[in-house]
1. What does the charge count near Q182 come to, summing +1 for each Lys or Arg and -1 for each Asp or Glu among other residues with Cβ under 11 Å from its Cβ?
2. Please work out the ratio of the alpha-carbon Rg of segment 21-102 to 2.2 N^0.38 Å and round it to two decimals.
3. Ignoring everything except DSSP H segments at least 4 long, calculate the 222 nm mean residue ellipticity for the chain; use -39,500 (n - 2.57) per segment, divide by total residues, nearest 500.
4. Dipole of the chain, Cα-centred, from +1 at each Lys and Arg C-beta and -1 at each Asp and Glu C-beta, to the nearest 20 debye?
5. Fully extended, how many nm does the chain gain between R195 and F42 (0.36 nm per residue separation, minus their Cα-Cα distance)?
6. Report, in cubic angstrom per residue, the convex hull volume of the C-alpha atoms of segment 86-214.
7. Output the antiparallel fraction of DSSP beta bridges having both residues in the chain, as a percent to the nearest 5.
8. Per Stokes-Einstein, at 20 °C and 1.002 mPa s, what whole-number D in µm² s⁻¹ belongs to segment 68-162, with the Kirkwood radius over Cα pairs as the hydrodynamic radius?
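All of the numbers you see were taken from the coordinates with simple rules; none came from a lab. Just so it is clear, the model here is predicted, and its values are computed rather than measured. Note that we place each Cβ from the backbone using ideal geometry, even for glycine, and neighbour counts take in every protein chain shown.
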Amino acid sequence: MTTAAERKMQFLFALRSKGVTDTRVLTAMERIDRGDFVRGLFSGRAYEDMPLPISCGQTISQPSVVALMTQALNVQPRDKVLEVGTGSGYQAAILSQLARRVYTVERYRRLVRDAQKTFEKLGLTNVTAIAADGSHGLPEQAPFDRIIVGGSCDVVPDHLEDQLAEGGSLILPLGPPGKPQQLTRVTRKDGATTREQLGEIRIAPLVKGRSRQI
């Protein structure tokens, strides 16, 4: 029978084999137990590198995707970060280990409540989850040093690009749903933005609007 320590070693080895080399990201992935964010029938598969179902018909992204996007974001200790698409809260929890402050926005209020409870359970005091339309960003807290979008988009949302601080970066999967997307970094410098493609990725599309579910 595989021990918890062995599972963690295998988990981290799988991340390295996918190209995750940033030691700060690997340390954050080691500290935050994905098992805290996977419940019910799929809890036994929390350490597999695959997306898993969560409430509201959504999924928790596979760990390698979370790690690669986090690595591309290059979060610094004093950064204020916006995450679009809270989901289970796993990505925000990873970011909490790297940033000064994390704001995470989710269209489903139930997911926001569940994620906030998990953050409190884990003692993550620098994360705030908010129910809102993530495609509009969070203008009342802008600008952000880093923005990460947990769903694919056909185009870069203008609202998010506008909320980047000078020198800030936005990471998102860019491309049509149902096909592999390009992980894209948008950087603001001297008031203008540039784009850089970082490689192929596959992730569920970002859904705009705020859900009416309670």
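1. On the way: positive: K179, R185, R195, R202; negative: E196, E200.
So the surrounding residues net to +2.
2. Relative to the 2.2 N^0.38 Å estimate, segment 21-102 comes out at 1.06.
3. -8000 deg cm²/dmol
4. I would put it at about 480 debye.
5. Result: 51.4 nm gained on full extension.
6. 105 Å³
7. 45 percent
8. 163 µm²/s
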